[in-house]
Amino acid sequence: MAQITYLAQLTSADGHRWRLFVAHLSNPAEAWPEHAWGHDTAVPTPPEREQALARLGYEVAPDDEWTWVEYSQVPGNPHSPVRLVAGIAVRPLAAARTAVAA
């Protein structure tokens, strides 16, 4: 049975406050699960991200790793501040428990 996976993204739109959300692209009207870290925090560590995902009801999909992309805040301006976005495949925790039981 194929497991349902979603894309989790870690982003900092202002360069200081990080937020993690799980995109439910099959239902864009649905509110996406989200976790935000406090003001002016460093990039959350992998264990901090995993804890946040677990609080949202997800875990990293087997054999997946965080991938990072950078982009300019002002497209086409090489002097613009750089922003980072990370992504990883995740699955609902219930799916993980079902896979182990099978």
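The values are calculated or read from the model by the stated rules, or taken from the named source; none is laboratory data. Predicted, not measured: the structure shown is a model, and the values here were computed from it. Positions of Cβ are generated from backbone atoms using ideal geometry, with glycine treated the same way; all protein chains shown enter the neighbour counts.
For the reader, a short list of remarks on this structure follows.
- Count of residues meeting criterion [surrounded by 12 or more Cβ atoms within 10 Å (Cβ to Cβ), of a type outside the set (A, V, I, L, M, F, W, C) and not in a loop (DSSP other than H, G, I, E, B)] in segment 47-59: 6
- Search result, residues across segment 25-46 that are part of a strand (DSSP E or B) and acidic (Asp, Glu): Glu34
- Matching residues in segment 2-24 - criterion: being modelled with pLDDT of 90 or more and not in a strand (DSSP E or B): Trp18
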